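Below: one structure, written as structure tokens.
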Amino acid sequence: MKASDLFVKSLEAEGVEYVFGIPGEENLDLLESLRRSKIRLILTRHEQAAGFMAATYGRLTGRTGVCLATLGPGATNFVTAAAYAQLGGMPMLMVTGQKPIKSSKQGHFQIVDVVRMMEPLTKYTRQIVSIANIPAAVREAVRQAEEERPGATHLELPEDVAHEEGDGHPIPKSFSRRPVAEEKAVARAVEAITKAKHPLLMIGAGGNRKTTTKMLREFVDQIGIPFFTTQMGKGVIDESHPMWLGNATLSDGDFVHRAIDHADCIINVGHDVIEKPPFFMRSGDAGEKTVIHVNFLGAEVDTVYFPQIEVVGDIANAVWQLKESLKERQEHWDFTRFKEIKQHFEEHLVKGQHDDRFPMYPVRIVNDVYETTPVDGIVCLDNGMYKIWFARYYRAHEPNSLLLDNALASMGAGLPSAIATKIVHPDRKVMAVCGDGGFMMNSQELETAVRLKLDLVVLILRDDAFGMIRWKQENMNFPDYGMTLRNPDFVAYAESYGAKGHRIESAAEFAPLLRECFTTPGVHVIDLPIDYSDNERVLNREIKRLSAQL
């Protein structure tokens, strides 16, 4: 058997369905093996986009997404995607080629030490030096990618090794049981929650994985503790739930932070310090507020996060243990203040939902997208100023129905993420929301979407600038400098790829056009000008002023 055939058979044994990427001449044996495999190659236009697609596949399925690149420049283009998967907790395996390692006639041409380059960005990285190593290397790479905390792994398959002949068989997956939280730790947590007067539940990115969602819903329904989420925890519990207090989108000063200040016990489920902290602990707070860390791994102590109680183990099981021990809401719990805060927060959320200005107001855009997207639709955000508005104002009803990245927070991921999402969920409506800056970083993947005959909506929010950095620039009282850019004609640009281009010229046109795009086959690109003039007033001043009055 050829080594590349064994490699592909090992991927098949792991249940791999797709390989995203761009092959090079060093991958040709592997490419031929893939041609004869049931695994489908998704050819992309950039390796970074392939990595974003593989990571998103892993995020949505819990199984390892696989991406392929050649040596040198192909491999280096994986770097951002590797960090995206590693920080975001998304299982992904990168496979790269390399020149022959036993005898090469090309000197150091295109040679980069990819394995060492990947070491700080992955959980596991290896060069395969013999056909005998392949089954174990693939099994270990996939195991580590999927094992909590999920992340990126990497295997380098040199050209001469891929061509080797030998014997071997894939190593089957072993049965494994997820670790269960210690009873004493659960008992300490239950004691703290029971003694508290104003307990509050916080849900982070880890809640959007595995079976955690179902158990958290049961916990909230049975025990009746109010909850809020981080940006990557959105949708774990339906945000129309009466106990929902909002999303910690802003770093501080929002209505939800008044609830955090009021709480005397915060049950933190599935959040770690890689995701932007939704609240800050201070050493002087000890004794005033108890923080309970519920996660697969122990807390990484930071100057802003040092929980007093840690419940470490399978999150779903830990939440079930808490639920079974607590049984029901405690009579002395007082959520009056939380209800007042929620009322003011809900009143603020609707402000601007029907604003007719054009270019369009962000809150109106979010509301129109929310009202138009089916309940099971999926909105994939790139990174930019609009992410703040969507995270705060968009109500997610299902897990992973508003995909955003608040760990690496890389621009350029929105369109590739939406393509992978549509591949995973072909029967659901999928939309990418991108700023003009982020869209142009991987806009070439429009060709990929058209070639794959996907039904996809791509919304470009155009402000002809790098809007989020401009907002920060204004907040720091610096003059507007270095943020303005020029864009192509996005309608003509979309049509040049075979997509359908649309240009919005009034606020009233947007929602009807969006409905039409969702029901019309093909790739639709919508050019929508956005008005960011209220970024500073609303997000930095109005919200803080109103919440401070509570």
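Every helix of 4 or more DSSP H residues in the chain counts as -39500 (n - 2.57), and over all residues that averages to -11000 deg cm²/dmol at 222 nm. Fewest-first ordering of THR80, THR56, THR64 by other beta carbons within 10 Å of each residue's beta carbon gives THR80, THR64, THR56.
Remark: segment 264-272, residue by residue, has Karplus-estimated 3J(HN,Hα) of 9, 8, 10, 9, 9, 10, x, 10, 9 Hz, where x stands for each Gly or Pro and the curve is 6.51 cos²θ - 1.76 cosθ + 1.60 at θ = phi - 60°. Fraction of C-alpha pairs exceeding 16 angstrom in segment 430-522: 60 percent, rounded to a whole number.
Counted over segment 183-335 with a bin width of 10 Å, the fraction of Cα pairs per bin, in whole percents, is 12, 47, 38, 4. If you build the convex hull over the alpha carbons only and average its shadow over all orientations, what do you get for segment 155-225? Give it in nm² to one decimal. With every direction weighted equally, the projected area is 8.8 nm². 3J(HN,Hα) along segment 213-220: 4, 4, 6, 5, 4, 5, 4, 5 Hz, from the Karplus curve 6.51 cos²θ - 1.76 cosθ + 1.60 with θ = phi - 60°, whole Hz, x for Gly and Pro. Calculated over the chain, the projected area of the Cα convex hull averaged across directions stands at 26.1 nm².
Within the set of other residues whose C-beta is less than 12 Å from the C-beta of ARG35, count the net charge using Lys and Arg as +1 and Asp and Glu as -1. Every neighbour counted, the sum reads 0.
Here, segment 78-179 yields an orientationally averaged convex hull projection of 7.3 nm² when only Cα atoms define the hull. Summarising the strand pairing of the chain, around 5 percent of its internal DSSP beta bridges are antiparallel. Pairs of Cα atoms nearer than 8 Å and 6+ residues apart set the relative contact order; for the chain it is 13 percent.
Taken over segment 3-162, the alpha-carbon convex hull comes to 89 cubic angstrom per residue. Kirkwood hydrodynamic radius, segment 350-541, all distinct C-alpha pairs: what's the number in Å? Result for segment 350-541, one decimal place: 16.6 Å. Per-residue packing, averaged as other Cβ atoms within 10 Å, sorts the ranges 245-251, 273-279, 495-501, 458-464 into the order 458-464, 245-251, 273-279, 495-501, beginning with the highest. Pair-distance distribution of segment 485-526: all C-alpha pairs, bin width 5 Å, starting at 0; shares per bin in whole percent are 6, 23, 27, 24, 16, 4, 1. May I ask for the net charge around MET476, where only other residues with Cβ less than 13 Å from the Cβ of MET476 are counted and Lys, Arg are +1 while Asp, Glu are -1? Residues close to MET476 contribute a combined charge of -1. Taking amide hydrogens as placed 1.01 Å from N in the peptide plane, the amide H of ILE42 sits under 5 Å from those of VAL19, PHE20, GLY21, each at least 5 positions away in sequence or on another chain.
Taken together, the values in this text are just the output of simple stated rules run on the coordinates, not laboratory data. The shown structure was predicted, so the numbers you read here are calculated from the model rather than taken from an experiment. Here the Cβ is made from the backbone with ideal geometry for all residues, glycine too, and neighbour counts use every protein chain on show.
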